[in-house]
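Trainee: Please see the structure below; I have some questions.
The values are calculated or read from the model by the stated rules, or taken from the named source; none is laboratory data. Predicted model only: the values in this text are computed from it and were never measured. Glycine gets a Cβ as well: all are built from the backbone with ideal geometry, and neighbour counts include every protein chain shown. Remember, those area values only see protein heavy atoms, side chains included, never the ligands or the DNA or RNA. Shrake-Rupley method; radii C 1.70, N 1.55, O 1.52, S 1.80 Å.
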Amino acid sequence: MKKLIFLLLAPMLVFTQESWINVQLQTDNYPQETSWTIYNISGSAIAASDTLAELTLYDTIIDVLSGDYIISLDDSYGDGLAASQWGGTDGSFLIQNDCQDTLFYAEGDFGLQLIDTLTIAPCAPPISGCIDELATNFNLDATISD
């Protein structure tokens, strides 16, 4: 009986492994127009943008379970991250992790909304620490600076 229970649970364990994503948004000159939301496959928001500043790089690591997600990148004006057409600086949006590299990328004029599905594989989280080899607290195992 124990083997049967394990065999029934094993497929579920594969889909609930831990992972992570790195979300990077470089805002353009009109950040008040831009927003993004990541939804799980059931439609519940798991992460979203907050108030954004002009010409700023937002770099966030989000712990997630492996599986399918939906990303919605929105621009209320309808010109995406293409501020250069109005004399400004364009922005960009990237979702990636170390195991899969780029999962989603957008820049320029994508209109009012860009929606895509992400399939996130299991991926060990990055190790934070000092990555400056000259520092006394250098951590050889660290992959991101804390």
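Trainee: Would you be able to tell me the number of residues in region 66-120 that are under 19 Å from PRO31 (Cα atoms), open to solvent by 60 Å² or more (accessible area, probe 1.4 Å) and either part of a helix (DSSP H, G or I) or polar (S, T, N, Q) (or both)?
Mentor: Matching residues across region 66-120 total 6.
Trainee: Only residues that are without any contact (Cβ under 8 Å) to a residue 60 or more places away in the chain and assigned to a loop (DSSP other than H, G, I, E, B): list them for region 125-136, please.
Mentor: ILE127, ILE131, ASP132, GLU133, LEU134, ALA135, THR136
Trainee: For VAL23, only one of the following conditions fails: (1) over 21 Å from ILE127 (Cα atoms); (2) buried (at least 17 other Cβ atoms within 10 Å of the Cβ). What is its number?
Mentor: (1)
Trainee: Additional query: Being touching a helix residue (DSSP H, G or I) at 6+ places or on another chain (Cβ under 8 Å), open to solvent by less than 20 Å² (accessible area, probe 1.4 Å) and not aliphatic (A, V, I, L, M), is that true of even one residue in region 55-62?
Mentor: Within region 55-62 (the criterion being touching a helix residue (DSSP H, G or I) at 6+ places or on another chain (Cβ under 8 Å), open to solvent by less than 20 Å² (accessible area, probe 1.4 Å) and not aliphatic (A, V, I, L, M)), the answer is no, since none of the residues qualifies.
Trainee: Quick check on this structure: which one of ASP50, ASP79 is without any contact (Cβ under 8 Å) to a residue 24 or more places away in the chain and out of contact with any Ser or Thr (no Cβ under 7 Å at 6 or more places or on another chain)?
Mentor: Just one listed residue meets the conditions, ASP50.
Trainee: Can you confirm whether region 35-49 contains a residue that is assigned to a loop (DSSP other than H, G, I, E, B), exposed (fewer than 15 other Cβ atoms within 10 Å of the Cβ) and among the aliphatic types (A, V, I, L, M)? Before the answer, list the steps.
Mentor: Within region 35-49, the first condition is being assigned to a loop (DSSP other than H, G, I, E, B), and the residues that meet it are 41-44, 49.
With exposed (fewer than 15 other Cβ atoms within 10 Å of the Cβ) added as a condition, the list becomes 41-44.
If we keep only those that are among the aliphatic types (A, V, I, L, M) too, we end up with 41.
Taking every residue of region 35-49 in turn, at least one turns out to be assigned to a loop (DSSP other than H, G, I, E, B), exposed (fewer than 15 other Cβ atoms within 10 Å of the Cβ) and among the aliphatic types (A, V, I, L, M).
Trainee: Let me ask something else about it. Report yes if TYR30 is open to solvent by 40 Å² or more (accessible area, probe 1.4 Å), within 14 Å of the chain's Cα centre (by Cα) and on the phi < 0 side of the Ramachandran plot, otherwise no.
Mentor: No; evaluated as a whole, the condition is false for this residue.
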